[in-house]
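What follows draws every value from the coordinates through simple rules; no lab data is involved. Only a predicted model underlies this, so the values are computations on that prediction, with no experimental measurement involved. Every residue, glycine as well, gets a Cβ built from its backbone with ideal geometry; the counts of neighbours run over all protein chains shown.
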Amino acid sequence: MTAMTGTSVLAAYTTSTGEAVQFWILGTIAVIGALCTVFMRKAVHSALCLAGTMIVLAVFYLANGAYFLGIVQIVVYTGAIMMLFLFVVMLVGVTAADSLKETIRGQRWLALLCGLGFGALLAGGIGNATLTEFEGLAAANSAGNIQGLAALLFGKYVFAFEITGALLITASVGAMVLTHRERTERAKTQKELAEERVRKGEYVPPLPAPGVYARHNAVDIAGLLPDGTPSELSVSATLRERGQIRDVSTEAIADLRALEQRSAERLERNPLEPRPRPGGSTELKRAEEAQQ
Amino acid sequence: MNPVNYLYLAALLFTIGATGVLIRRNAIVVFMCIELMLNACNLSLIAFSRMHGNLDGQIIAFFTMVVAAAEVVVGLAIIVSLFRTRHSASVDDAALMKL
Amino acid sequence: MSFPLLTATAVLPALGAVATAAVPAARRTAAKWLALLVSLATLVLAAVVAVRFEPGGARYQLTETYEWIPAFGVRWELGVDGIGVALLLLTALLIPFIVLAGWHDADPSPSSPPRSSGGHPKENANNRWRPTQGFFALILMVEAMVILSFEATDVFLFYIFFEAMLIPMYFLIGGFGDRAHQGGEEAAATQRSYAAVKFLLYNLAGGLIMLAAVIGLYVAAGSFSLPDIVAARASGELEMGTNTERLLFLGFFLAFAVKAPLWPLHTWLPNAMGEATAPVAVLITAVVDKVGTFAMLRFCLGLFPEASKWATPVVLVLALVSIVYGALLAVGQRDIKRLVAYASISHFGFIILGIFVMTSQGQSGATLYMVNHGISTAALMLVAGFLISRRGSRLIADYGGVQKVAPVLAGTFLVGGLATLSLPGLAPFVSEFLVLVGAFARYPVVGVVATFGIVLAALYTLVLYQRTMTGPVKPELAKLPDLRVRELAVVAPLIALLIFLGVYPKPLTDLVNPAVRHTMSDVQEHDPEPEVEAAK
Amino acid sequence: MENLIAPLIAAPLLGAAVLLCGGRRLDKAGHWIGTALAVASFVLGAVLFAGLLGRGAEDRTLVQHLFSWIPVEGFQADVAFRLDQLSMTFVLLITGVGSLIHVYSIGYMEHDERRRRFFGYLNLFLAAMLILVLADNYLLLYLGWEGVGLASYLLIGFWQHKPSAATAAKKAFLVNRVGDMGLSIAIMLMFTTFGTFAFTPVLGSVGETGEGTLTAIALMLLLAACGKSAQVPLQSWLGDAMEGPTPVSALIHAATMVTAGVYLIVRSGAIFNAAPDAQLVVTVVGAVTLIFGAIVGCAKDDIKKALAGSTMSQIGYMVLAAGLGPIGYAVAIMHLVTHGFFKAGLFLGAGSVMHGMNDEVDMRRYGGLRKYMPVTFVTFGLGYLAIIGFPGLSGFFSKDLIIESAFAKGGVQGWILGTVTLVGAGITAFYMTRVMLMTFFGEERWRNLPAASPDAPDVEPAADHGGVPHPHESPKVMTVPMIVLAFGSVFAGAFFGIGERFVHWLEPVTAYEHGHPPVSALTVTAATVTVMVIGVGLAWLQYGRRPVPVVAPRGSLLTRAARRDLLQDDFNHVVLVRGGEHLTRSLVYVDHTLVDGVVNGTAAGVGGLSSRMRRLQNGFARSYAVSMFGGTALLVAATLLMRAV
């Protein structure tokens, strides 16, 4: 609301304290958002922070009398572009967290140095500028902001406008070209795939199912091999790619052992004496070894 | 309040974005940082237009947005296809330019 | 505007080059004949130039001037003085022999499969690799550029062709090297490319320095036109600061000293001549390098007389070093072609000496020397090439007793050698003696030191002849065939020319004398008067 | 009449051209063509001679100006020929002896398949030699000078398949080149001093310049003469030159070419007259060579080398005489001519002996040949008598005159030179007698020759042409020239000497003045004869009475040194050849490592630098971005600074 009041008194040469307050609060938020965008380890978080910053900026636009752009900012940027970002993030892997560890030697320090230097320079430049008060947009927005923009857009900047149209078309076409894959040959039938697999002889039987247990049963949990070690194959390739396999085999084995223990106590039986037993405990042994 | 503050803010955001572009490896994040920079510019443009009392600044900002949109579309498409081929979205993996 | 004769002389071989290159792959022989005919036609044009040129007339004749880049006052400005005509004739004369001598040099040899598609030579007919066409086209291209640089009186124009001729030369050296190599095909290829690159870089470096000087000249003089600048300097309108003049002189001189190898900038020549085929080697030393010495005479002395005088002592010393050093190294060589290369270095020392002693004998001698050295080296080198192509080796040690099995070859070789050691009665003697006299007249010590060159020349030539031609016949040479008709057709005219110009050089001196008079007046020098006026 | 001069030269030149370019089809007739043309030029020479005799003594100079050779600013060299008494004498000698030796060669080279070429070379030599003696200026003379050098090179190395021959030829040419250097420097000096180098103006205006210059010119001319005439220190080539066919040795290395030096000195007499120091040097050189050659001649067992030594020594006489100035010029030339006769005769004789002895040259393998080859014996003997100065024969007159003139030099010099010449005469008598005895007298050592024995490895086995030789007289075509030359060596001296006919004939050119020896001419003559007799006697004691060992005895130190040309060659080898080889080898190394190393080093440096720079291109888009960003920052900074100031 303060923003609205601020804009209502725009005609004044200096800005209202209200706007100042709003600026300092929201500006801080925007900066924090920006920083988070940069430093969050997960892309999703970055995206969200960026969205926040953009919304703040939208408010600033409004505060500066750019009503149309303010709305556009919210609708197009925060609404469309950021969503697009999120889609892609999903596509590439939401939870994939990339380490912030620098691989190129000296890159980080150089980057920081350049950043600070550049910032300092900009600050200095702005500091040189002698801008104390606003002209105000009252005159320009007298016929309404959108009308004013439209007048300019379809008058003075009409050619640029047309060209941007062309640009957008090109961009969309380009996007299609880049992402679209033409299927050159007929899709293989299941039969053919099977034959092929046999012929390759890499993994003839069907892949194992993911682990299904009392407490967890999910596609991202690797099934256990007879010796209790998890089998990567049982998880879908995508998850494997993203490294999003949860491994519960250790817990499972711990539970089994506990069960054994309890049963052994109940039956007064020395659990340690080795004797031929149906698979289970030997598996356990091997499983323990596998643990070590 | 001194209108220059808007510009300072814009400068700050821009610098942050630029630094982010430089230090992040994840192509998507890099892209976001670029967007951040663009927005910073937009902010300053709008501030300008208010200072000078004409709408040209806003028009430019508008165009920036359009261009940004186009750029995002293409860029993300590139990232996707990159991920498809390399199974990674790290800009460092696209280092075929190395001699 | 009358018929642009000079342009035609240069354009004809250029067009010929294009045409030759366009000959289809299968028609190799056609390309050869085309190249030969074009070069002969060029010779005819050059002869017409020589006839149309009146020695008594203006300094630059048959001049043509067309605006080219008005913004920088660059003009297509051609004109020849006596020296230019002489060298023009030399070039046009040698190219047909070079073409004829290299008749088979670019045939795809069974031993070396074409670079493009490793296949049997018989495939060459239908694949795209056309070495022969390229070889002869490149030779004609070089001819065109050399001729233009002899004709250009616009400094910038000259510079362009001075540099441009490096490119075809580069390909000629690197692409069509001598197949006779002890290290086999591979070593030959590496050596060849090394030599070619060295040639190119070395000369380009010189050329770049010259480019700077050319621009500097334009800044200083406000024009590229040699006659205008010379006239302006003579009339005193154009004042050039001493240091400016010296710097510009150095810029020009360095480039020319690389081109006409002057010690210690000579090291590219032995490699290039050793690795290139004999005809190309002749092209390098007999034609292309002459541009360097010619340019010293025309541009260094003409544009910067004072600086030339200032630099004379150093240049003379370097020239003397080249003479003695080149000769000594020639003695020490084990490779026939490298030996000839070092001999040429020694001879270029003589030429530069003659140019810079600033006596009319010296300068006429230097000019004659350019022509005669071209002819004599061509004779010697081409015969050597024939010999090498027979035996497939460049090492002197691999020969012996050739005289017994191939007397004609040996005889022509000997004549070429005698010309190289400038035996009186053969053309080089005239020029060498003129240079010596000219040097002695002004600097007796220099003259005496240079005279040692003639002894050393005898040494390396005769040692070469003795080791290759005399003595018992090497068994692998027993079946060596003597010169064939084509080869004889190459060598015989050259030898005849050597003898004729040695006995009756008047036609040449008549061409040269006026030009030398002009140059002498450029540098405002007069021949030292004899001590006593001899009683007539 | 002067128009005959050019044809005189052209004839042999044409012969050379035809024979050398003619190819195999001329093999049959080649030698006849060559001989015919040589004779033709002799006939022309005779005609010219008659013409000269028809004129008064003073206008016996014909000049034929053909064309201007090198017309260059301030430099006139004409192809012009000058025929005066001096050159006339030479023309007759050259063409005469030349023709005879052509005839002789027809027989001598009969079995050589390259005979045509041989005659071509001989004709070439004749032409060049004629140019040399007929030239009207020093430059043209230089042309002839080098021309004969070339011919001699070709002929010495005629049997090129023998490495020794090829080496000898090269050596001859190179040593001569050193001399030619002198000649060319002399010509340059003349040019700078007189502005020309034609005989008349140069010799005419000698008076107008300082003695220093003239001495320099004279010494340079002397250097040239030393090269051509095998005088110390450039004499080393003559001995090896005997590798050539014997007719060549007779024509070039005895009769004509080697005397060119004397011609040069005499021709430039005016210059030498004006430079007494130079004259002194000339006489010294002559004297040294005289003794040197004689000593070498005493030690050689190779008949041709012995004769070569003698040639050296005889030319020493001539040079010495030429150094005496006007007293000696004519005498020198006279001795030159007579020497031309008898030395050519001796060589031809030697050739004939070798011809009959399977090309054996070692005199220790001869002996008692007089009954097998009588004609050779007689002609050789007459030549022998002539050279030792047997009274009445040609050598007697000319040599006696020289000795007189030497004494007539006057003062200490006169005495020294006189004695030297006398001693020389004695040694001459000694070694020539030695040759004579070893060859034609004594027992027939060639009948039982030892095979190559380890104790004397330097003796090559006799059977290089197989078996015991069958000495026989040479065919007519060879003997006739020998007979003619024998006549010359008998009567020429008397004909020239009596009434000083010869010197008066030359006087207009060489300005003869009669020397007055401190002692009477008769005494000198007597002394000469006695010395000669002593020499002969000594030789007889050593080689006539005692049998000559087939294997050369070790001999005294002097003998061994003399066998090796008094160590001259060893000196050359060690100092010049070895040193030169080292120099060139090190220079090649320097050129490759230092001069070229700098170039390649620069290239390598640039390459290394660029490969370092290449590291920056690590291919990471982000680091490129950093540099871009940094660059932008810098640009902004720059603009801001611009605005600030």
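Taking a threshold of 28 Å on the Cα-Cα distance, which of the pairs D:Lys28/D:Lys305; C:Lys474/D:Lys170; D:Lys162/D:Lys399; C:Lys337/D:Lys305; C:Lys479/D:Lys228 fall above it? Flagged as over cut-off: D:Lys28/D:Lys305; D:Lys162/D:Lys399; C:Lys337/D:Lys305; C:Lys479/D:Lys228. Report the one residue of C:Val291, C:Ala330, D:Ala278 whose Cα lies farthest in the direction of the positive end of the charge dipole of the protein assembly as shown (charges on C-beta: Lys and Arg +1, Asp and Glu -1; origin at the Cα centre). Comparing the listed Cα positions along the dipole, C:Ala330 ranks first.
Annotation: lysines with alpha-carbon distance below 23 angstrom to A:Lys42 (same-chain offsets under eight excluded): A:Lys101. At the listed q of 0.15, 0.17 Å⁻¹, the Debye profile of the stretch B:4-86, built from one uniform point per Cα, gives log10 I(q)/I(0) equal to -0.60, -0.72.
Ordering D:Glu243, A:Glu185 by the number of other Cβ atoms within 10 Å of each residue's own Cβ, fewest first, gives A:Glu185, D:Glu243. Overall form of the stretch A:30-136: oblate. Here a/c, set by the Cα gyration tensor axes a ≥ b ≥ c, is 1.5 or more, and a/b is not larger than b/c.
About the Cα centre of the protein assembly as shown, what is the dipole size in debye to 20, counting +1 per Lys and Arg Cβ and -1 per Asp and Glu Cβ, all else neutral?
3820
The GluC sites (Glu not before Pro) found in the stretch D:84-190 that occupy coil by DSSP, while having at most 16 further C-beta atoms within 10 Å, are D:Glu110, D:Glu113.
Pairs of Cα atoms nearer than 8 Å and 6+ residues apart set the relative contact order; for chain C it is 15 percent.
In chain C, the DSSP-assigned H stretches of four residues or longer account for a calculated mean residue ellipticity at 222 nm of -23000 deg cm²/dmol, using -39500 (n - 2.57) per stretch and the full residue count as denominator. Along the axis of the charge dipole computed for chain D (Cβ charges of +1 for Lys and Arg, -1 for Asp and Glu, origin at the Cα centre), the listed residues D:Pro374, D:Met532, D:Tyr263 are led at the positive end by D:Pro374.
Each other residue within a Cβ distance under 13 Å of D:Asp596 adds +1 if Lys or Arg and -1 if Asp or Glu, for a net charge of +1. Counting only DSSP H runs of at least 4 residues, each contributing -39500 (n - 2.57), and dividing by the residue count of chain D, the helix-based mean residue ellipticity at 222 nm comes to -22500 deg cm²/dmol.
Largest first and in whole Å, the equivalent-ellipsoid semi-axes of the stretch D:535-645 read 88, 16, 6, each the square root of five times a Cα gyration tensor eigenvalue. For D:Val72, the residues whose modelled amide H falls within less than 5 Å of its own, excluding neighbours fewer than 5 places apart on the same chain, are D:Ala77. For chain B, the Cβ-based charge dipole about the Cα centre amounts to some 240 debye (Lys, Arg positive; Asp, Glu negative; other atoms uncharged).
Membrane-span-like helices in chain D, defined purely by DSSP H runs whose alpha carbon atoms cover 18 Å or more axially and whose average Kyte-Doolittle hydropathy reaches 1.6, are D:5-22, D:30-54, D:276-299, D:374-387, D:476-497, D:521-539.
Summarising the strand pairing of the protein assembly as shown, around 95 percent of its internal DSSP beta bridges are antiparallel.
Across the stretch D:205-254, the volume of the C-alpha convex hull divided among the residues equals 75 Å³ per residue.
If you wrap the tightest convex hull around every Cα atom of the protein assembly as shown and split its volume per residue, you get 302 Å³. Against chain C, whose longest principal axis is taken from its Cα atoms, helix C:336-356 shows a tilt of about 10°. Take the Cα radius of gyration of chain D and divide it by 2.2 N^0.38 Å, N being the number of residues; the result is 1.21. Take C:Trp310, D:Trp159 and order them by how many other Cβ atoms sit within 10 Å, fewest up front. Lowest count first: C:Trp310, D:Trp159.
Here the stretch D:188-316 is assigned +1 on the Cβ of each Lys and Arg and -1 on the Cβ of each Asp and Glu. Its dipole about the Cα centre then comes out at about 200 debye. Roughly what % of Cα-Cα distances in the stretch D:346-393 sit above 12 Å, to the whole percent? Here the long-distance tail beyond 12 Å is 63 percent of all Cα pairs in the stretch D:346-393.
Set Lys and Arg Cβ to +1 and Asp and Glu Cβ to -1, take the dipole of the protein assembly as shown about its Cα centre, and tell me which of D:Leu634, C:Val402, B:Ala40 lies farthest positive. Working it through, the farthest residue towards the positive pole turns out to be C:Val402. One equal scatterer on each Cα of chain C, no solvent, Debye formula: the resulting log10 I(q)/I(0) at q = 0.06, 0.08, 0.09 Å⁻¹ is -0.27, -0.48, -0.61.
Sites listed here are trypsin sites (Lys or Arg not before Pro) in the stretch A:110-206 whose DSSP assignment is loop and whose Cβ has at most 14 other Cβ atoms within 10 Å: A:Lys156, A:Arg181, A:Arg183, A:Arg186, A:Lys188. Of C:Thr312, D:Thr256, A:Thr184, the sequence from fewest to most neighbouring Cβ atoms within 10 angstrom is A:Thr184, C:Thr312, D:Thr256.
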